[in-house]
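J.: Would you mind keeping the following structure in view while I ask a few things?
The values are calculated or read from the model by the stated rules, or taken from the named source; none is laboratory data. Treat the numbers as computed from the prediction; the structure is a model and nothing was measured. For neighbour counting, all protein chains shown are included, and Cβ atoms are generated from backbone atoms with ideal geometry for every residue, glycine included.
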Amino acid sequence: MSDEKVLLQANHIKKYFQGRGKNVVKAVDDVSFTLKKGETLGLVGESGCGKSTLGRTLLRLLEPTEGEILYNGQDLSKLSVKEMRLMRQHMQMVFQNPYSSLNPRMTVLESVRAPLDIFHIGSSDERFEKCREMLKYVGFEEYQIYRYPHEFSGGQRQRIVIARALISSPDFIVCDEPVSALDVSVRAQVLNLMREINEQRGVAYLFISHDLSVVKHVSDRIAVMYLGNMVELAECEELYRNPKHPYTQALLSSIPIPDPDVKIERIPLEGDLPSPMNPPSGCRFHTRCRFATERCKTERPAFGYDENGHGVACHLCEQKG
Ligand code: SF4
């Protein structure tokens, strides 16, 4: 991929936390990938697999233990606190819960305007005008912008949060389970808005979700994480048509299909997700994998790509790294 198309490159990112005593929680353990400009990369996996930690680490809301994050070719780990603060206007985050993401004492207008004030973007009149336009863009009427968060529904609040994330014209937004706290009836509205923003404004997303059917609607490519490792990464259609990793195969087989005539083989995932404090040796998935061999218990599979850019970490389908 040519360098001008690359927005973000994560190289061998590790994020460890100190647990009790000498225990170390390896929440993210050697993850590498590239995000193109304007691309939506879905990031899926069970709760506790490290996907939210990875999202926060990319924005340096958490400091990486090891690894390099290149954003438009610039190494974020080398930026000072002040430089990183300025960089944040280009990199935003939308959290899961729109109820706790907004200050209840600030009006909608004040909340959306806050990043412009922080980054000193435009004059006072320009800031007001920009917020008005942005709130209109995400579906609010003029009379609503002086109201407080409690006067809105969950879906409306998440649209306010999205407006706030967009107001500083970022190129990249980490969306951490942005619709899971919302009623099913408003999920589609928020997802459609996010897709529209991606198409019209070219904003790239890292779209984190435990729900594969949601990720399918918005992603260009999808990455699958298991216990701190990335185990598969492919174009969206390719991943659904031809999942290669046994974990991805099991996840996909568990998606409910609304057509009773369509029969698919369910692949049960046995046991719980092991603790990241004491992950299994070799391939971390071997304790739950129906194809595991002796080799899988001792040797960690390398992540490699095929000629179509479909990446996987499994001894069953070894590919070039
Ligand atoms: Fe299963 Fe072995 Fe592949 Fe891991 S490396 S997913 S245990 S077959």
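J.: What are the pairs with Cβ atoms under 7 angstrom where one residue, in segment 139-167, is under 13 Å from Ser111 (Cβ atoms) and the other, located anywhere, is surrounded by 13 or more Cβ atoms within 10 Å (Cβ to Cβ) and basic (Lys, Arg)? Sequence gap at least six, or different chains.
T.: Ile145/Arg132; Pro149/Arg157; Ile167/Lys130
J.: Okay, next question. Out of the residues in segment 272-321 that are touching a Gly at 6+ places or on another chain (Cβ under 8 Å) and of a type in the set (Gly, Ala, Ser), state the one that is surrounded by the most Cβ atoms within 10 Å (Cβ to Cβ).
T.: By that ranking, first place goes to Ala313.
J.: May I pose another question? Looking at (1) in contact with a Leu (Cβ under 9 Å, 6 or more places away or on another chain); (2) free of Cβ contacts under 8 Å to residues at least 60 places away in the same chain; (3) in a loop (DSSP other than H, G, I, E, B); (4) over 30 Å from Pro274 (Cβ atoms), find the lone condition where Pro64 falls short.
T.: (4)
J.: Would you call Pro243 assigned to a loop (DSSP other than H, G, I, E, B) and modelled with pLDDT under 90?
T.: Spelling it out, it is not the case that Pro243 is assigned to a loop (DSSP other than H, G, I, E, B) and modelled with pLDDT under 90.
J.: Something else now. Please go through (1) within 16 Å of the ligand (Cβ to nearest atom); (2) at pLDDT 95 or above for Leu252 and return the number of the only condition it doesn't satisfy.
T.: Failed condition: (2).
J.: Continuing with this model, one more query. For segment 291-308: of the residues being assigned to a loop (DSSP other than H, G, I, E, B) and under 28 Å from the mean Cα position of the chain (by Cα), which is nearest to the ligand (Cβ to nearest atom)?
T.: Taking segment 291-308 and keeping what is assigned to a loop (DSSP other than H, G, I, E, B), we get 291-293, 299-303, 306-308.
When the remaining residues are screened for being under 28 Å from the mean Cα position of the chain (by Cα), the result is 300-303, 306-308.
Numbers: Arg300: 8, Pro301: 4, Ala302: 10, Phe303: 11, Asp306: 15, Glu307: 20, Asn308: 20 Å.
The selected residue is Pro301.
J.: Please give the number of the condition Phe207 fails out of (1) near the ligand (Cβ under 10 Å from one of its atoms); (2) among the hydrophobic types (A, V, I, L, M, F, W, C); (3) at pLDDT 95 or above.
T.: (1)
J.: If I go through segment 210-224 residue by residue, how many of them are buried (at least 24 other Cβ atoms within 10 Å of the Cβ) and closer than 10 Å to Lys51 by Cβ?
T.: Total satisfying the criteria: 2.
J.: Any residue in segment 271-282 that is closer than 22 Å to Ala234 by Cα, at pLDDT 90 or above and within 8 Å of the ligand (Cβ to nearest atom)? Steps first, please.
T.: Step one: of segment 271-282, the residues closer than 22 Å to Ala234 by Cα are none.
No, because not a single residue in segment 271-282 is closer than 22 Å to Ala234 by Cα, at pLDDT 90 or above and within 8 Å of the ligand (Cβ to nearest atom).
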